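Submitted below is the structure of interest, expressed as structure tokens.
The values are calculated or read from the model by the stated rules, or taken from the named source; none is laboratory data. Bear in mind the structure is a predicted one, so any value in this text is a computation, not a measurement. Using ideal geometry, Cβ is built from the backbone for each residue, glycine included, and neighbour counts are taken over all protein chains shown. Remember, those area values only see protein heavy atoms, side chains included, never the ligands or the DNA or RNA. Shrake-Rupley method; radii C 1.70, N 1.55, O 1.52, S 1.80 Å.
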Amino acid sequence: MTNPSSDSIENVLHENRKFPPSESFSAAAHIKSEAEYQEMWDRAKDDPAGFWGEMAENLDWFEKWDKVLDGDMPDTKWFTGGKINAAYNCIDRHLKTWRKNKAAIIWEGEPGDTRVLTYQDLHREVCKFANVLKQLGVGQGDRVTLYMPMIPELAIAMLACARIGATHSIIFGGFSADAVADRNNDAQAKLVVTADAGWRRGKQVPLKVAVDESLEKSPSVEKVVVVQRTGAEVTMVPDRDYWWHDLMKGASAECEATPLDSEHPLFILYTSGSTGKPKGVLHTTAGYTLGTMMTSKWVFDLKDEDTYWCTADIGWVTGHSYIIYGPLANGATTMMYEGAPNWPDEGRFWEMVEKHRVNIFYTAPTAIRAFIKWGDDWPNKYDLSSLRLLGTVGEPINPEAWMWYHKVIGQEACPIVDTWWQTETGSIMMSPLPGVTATTPGSCTKPLPGIVPDIVSKDGTSQPDNSGGLLVMRQPWPSMLRTLYGDHDRFLATYFNEIPGCYFAGDGARRDEDGYYWIMGRVDDVLNVSGHRLSTMEVESALVSHDKVAEAAVVGFPHDLKGEGICCFVTLKTDDGTDELKEELKQHVRHSIGAIATPDTIRFTASLPKTRSGKIMRRLLRDIAAGRELVGDTTTLEDLSVLAKLRESEE
Ligand code: ATP
Ligand code: MG
């Protein structure tokens with residue numbers, strides 16, 4: 001342990017297992033060697049304009065840019081003077097090639113219905129809906145809310161917006177009417193596209209009902225388009241609400257893609273809100289499309305013959321970047337699934353992997369922890385041999401969960417890419433390259449070409465290897481957010497004012513002697529026990545490595561002697577939480593990390609409060625651990641009853 005008065009964040013997660021890619025994987029990969037990576041990375045650091053200018057030749061432009069990189073952070077612009085269209089790059093340019101009749105989207109509904117859209121099909125549907133949008137009075141620069149289930153019409157609507165230069169704002173279908181109204185108001189949306197309802201665990205999620213309610217509080221919305229998905233009964237308001245299928249019937253399938261400025265706003269996405277009031281992150285056309293295209297190719301090693309499946313919801317940035325824009329810009333086949341991973345049973349994902357012969361599979365640690373809890377029998381029932389690459393995103397992954405993913409899903413043959421990035425960064429920032437990097441459980445390894453991270457103290461001083469600190473970016477990158485919609489001051493204050501000259505979005509991390517990065521979680525979550533700064537992630541990882549533990553969330557609470565005590569909320573694989581087990585877990589953490597990390601309190605709970613994207617909301621647990629009233633926004637919480645139960649069980 002280092003000097004307890006030091007302000008650095010300590011991380012004692014000692015993980016030294018390394019998994020290099022196989023020779024055959026490397027030989028076939030887009031980026032094949034450390035040397036190749038290093039050359040790209042150095043070049044991009046020293047000459048970002050030259051590097052990204054060259055990368056941008058991979059996109060189709062109506063007019064080339066005047067300047068690749070225009071201005072410094074925070075107000076950097078990319079490819080100024082250029083004219084481009086994201087939908088054109090995701091669809092039209094593939095029609096001139098053999099990919100015209102290739103599957104662009106393979107979709108499966110929760111009840112088991114399937115649809116496959118070739119690039120030509122997608123083009124036709126997108127053009128038709130673009131014409132529908134125009135007919136309803138939506139033009140370039142207007143905002144359109146998409147509040148839809150995971151059905152092909154969502155992809156079609158996104159790309160139709162992009163085609164005519166309308167800015168989409170997608171709201172996850174699990175959000176409430178109030179959340180929709182807030183976001184409609186913030187974006188001043190003109191139109192909402194929704195569905196009668198969507199399927200989730202065999203039940204209908206009544207989307208149109210929520211839209212009706214939201215519109216009482218969001219007067220900017222003039223019209224609503226409704227996809228008929230489940231056949232649920234809905235009220236259609238005359239001259240306001242229209243059925244998708246009625247409008248599409250008469251629509252022309254011809255609609256040229258509008259040449260848009262590189263910096264034209266492509267979409268607004270409100271972040272999940274693990275840390276407070278949702279922020280309207282704005283992404284623009286050229287830089288975002290380039291970032292998602294190149295990172296999809298590098299990180300997922302996308303090949304034409306791959307069936308690629310990202311299990312995220314399109315309501316999150318992962319779905320935007322890695323179900324739609326990134327894969328389609330590459331001309332890949334992307335899969336989309338409507339429903340829950342445990343419907344009709346816990347084998348659903350693996351059944352789909354077997355059925356569609358999925359090659360690349362990208363999911364979140366929260367899902368992996370659920371799979372582990374459900375037991376190995378489910379994946380073991382299916383043939384997963386088509387898989388060649390696995391990915392994870394969203395939270396730090398506990399080494400225990402990583403090893404399970406590696407063994408049980410990857411059959412010890414698939415590289416795992418642990419991808420660190422944010423809604424704000426638009427595309428993946430740090431990740432192993434599957435043909436290059438020796439992976440190690442719990443580390444997102446190295447920055448991608450063009451990404452220049454650093455670990456700094458609060459005054460912006462670079463920290464030496466292994467002494468953790470704040471994770472910042474020292475150079476701009478094409479897919480970075482450009483503003484928070486309608487609140488540029490908040491944008492500056494949130495990301496750029498904290499650490500001079502850098503982008504900072506709130507995570508703590510450590511870099512080791514190999515140059516690998518270890519994300520320690522949000523800086524606000526870091527514990528300070530007797531002057532020692534501990535990452536919640538390592539205490540949680542220690543707990544999860546115990547046989548009986550399914551999931552753990554660790555928070556600090558005010559402690560007279562230590563400053564902060566350690567409170568652990570633990571869910572068990574089976575329901576047998578005893579006082580002896582509490583003691584055993586305390587000792588287990590003590591032995592895995594050290595006396596300083598010994599938990600003060602262990603609390604068993606049936607579930608943990610999570611955002612709707614599946615991330616543990618520690619800030620709420622902090623209030624519970626401290627016995628405080630809950631403060632702050634809970635609208636993004638998945639299940640409010642979890643909180644009520646936690647409070648009831650208060651010690
Ligand atoms: P909000 O910003 O509204 O509180 P959020 O940060 O959860 O919500 P996202 O942009 O979806 O919204 O998530 C980005 C954050 O997720 C990162 O800042 C980081 O804390 C975490 N994260 C994402 N991927 C990884 C990863 N591979 N390893 C560790 N942490 C990750
Ligand atoms: Mg965030």
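Which of the peptides 92-98, 610-616 is most tightly packed, and how do the rest follow, judged by the mean count of other Cβ atoms within 10 Å per residue? Intermediate values should be presented prior to the final figure.
Numbers: 92-98: 14.6, 610-616: 21.9.
Ranked from most to least packed, the peptides come out as 610-616, 92-98.
Continuing with the same structure: Keeping every protein chain present and rolling a 1.4 Å probe, give me the accessible area per residue for the chain in Å².
Numbers: 23240 Å² over 651 residues.
Heavy-atom SASA per residue in the chain reads 36 Å².
Please list 574-580, 306-312, 35-41 highest first by mean number of surrounding beta-carbon atoms within 10 Å per residue.
Working: 574-580: 9.7, 306-312: 22.7, 35-41: 15.0.
Result, highest mean first: 306-312, 35-41, 574-580.
So which GluC sites (Glu not before Pro) in the stretch 395-465 pass both tests, a DSSP loop state and at most 12 other Cβ atoms within 10 Å of the Cβ? Mind dumping the intermediate values first?
Values: sites: GLU400, GLU412, GLU424; in loops: GLU412, GLU424.
Counting only loop positions with at most 12 other Cβ atoms within 10 Å, the GluC sites (Glu not before Pro) in the stretch 395-465 are GLU412.
Oh, and also: From the alpha carbon gyration tensor of the stretch 325-371, can you work out the equivalent ellipsoid semi-axes (sqrt of 5 times each eigenvalue) and give them in Å, largest to smallest? Intermediate results must be reported in sequence, preceding the final value.
On the way: eigenvalues 93, 34, 18 Å².
Each semi-axis is the square root of five times an eigenvalue, giving 22, 13, 10 Å.
Using the crude model of +1 on Lys and Arg Cβ and -1 on Asp and Glu Cβ, and no other charge, please compute the dipole size for the stretch 530-649 relative to its Cα centre, in debye to 20. Can you show the working numbers first?
On the way: 17 positive and 19 negative charges, 77 e Å.
Charge dipole of the stretch 530-649: 360 debye, to the nearest 20.
Determine the relative contact order of the stretch 530-649: mean sequence separation of Cα pairs under 8 Å and six or more apart, normalised by residue count, in whole percent.
23
With the cut-off at 17 Å, report for the stretch 462-601 the share of all Cα pairs above it, as a whole percent.
Working: 6506 of 9730 pairs.
Tail fraction, whole percent: 67.
I've got another one for you. Can you pull out the GluC sites (Glu not before Pro) in the stretch 136-239 that DSSP calls coil and that have at most 11 other Cβ atoms within 10 Å?
Numbers: sites: GLU153, GLU213, GLU216, GLU222, GLU233; in loops: GLU216, GLU222, GLU233.
Answer by residue number: GLU216, GLU233.
Highest mean first, how do 357-368, 236-247, 196-207, 534-545 rank when packing is the count of other Cβ atoms within 10 Å averaged over residues? Numbers along the way, then the final one.
On the way: 357-368: 21.6, 236-247: 13.7, 196-207: 18.8, 534-545: 24.7.
Taking the mean over residues of other Cβ atoms within 10 Å, the ranking is 534-545, 357-368, 196-207, 236-247.
Restricting to lysine pairs 8 or more places apart or on different chains, what number in the stretch 530-649 have Cα atoms under 19 Å apart?
11
Can you compute the radius of gyration and Dmax for the stretch 530-649, using only the Cα atoms, both in Å?
13.8, 38
Summarise the accessible area of the stretch 353-424 (1.4 Å probe, protein heavy atoms) by the percent that is carbon and sulfur.
46
Taking Cβ-Cβ under 4.7 Å as the only way to count a partner, pick out the unpartnered cysteines of the chain.
CYS90, CYS161, CYS310, CYS414, CYS444, CYS502, CYS567, CYS568
Could you please state how large a percent of the accessible area of the stretch 530-649 is carbon and sulfur, counting protein chains only and using a 1.4 Å probe? Please list the in-between numbers first.
Values: 2290 of 4930 Å².
The nonpolar share, carbon plus sulfur, comes to 47 percent.
Additional query: Students often forget the sequence filter, so: which lysines lie under 30 Å Cα-Cα from LYS100 once same-chain residues fewer than 8 apart are removed?
LYS32, LYS64, LYS83, LYS128, LYS134, LYS249, LYS297, LYS303, LYS355
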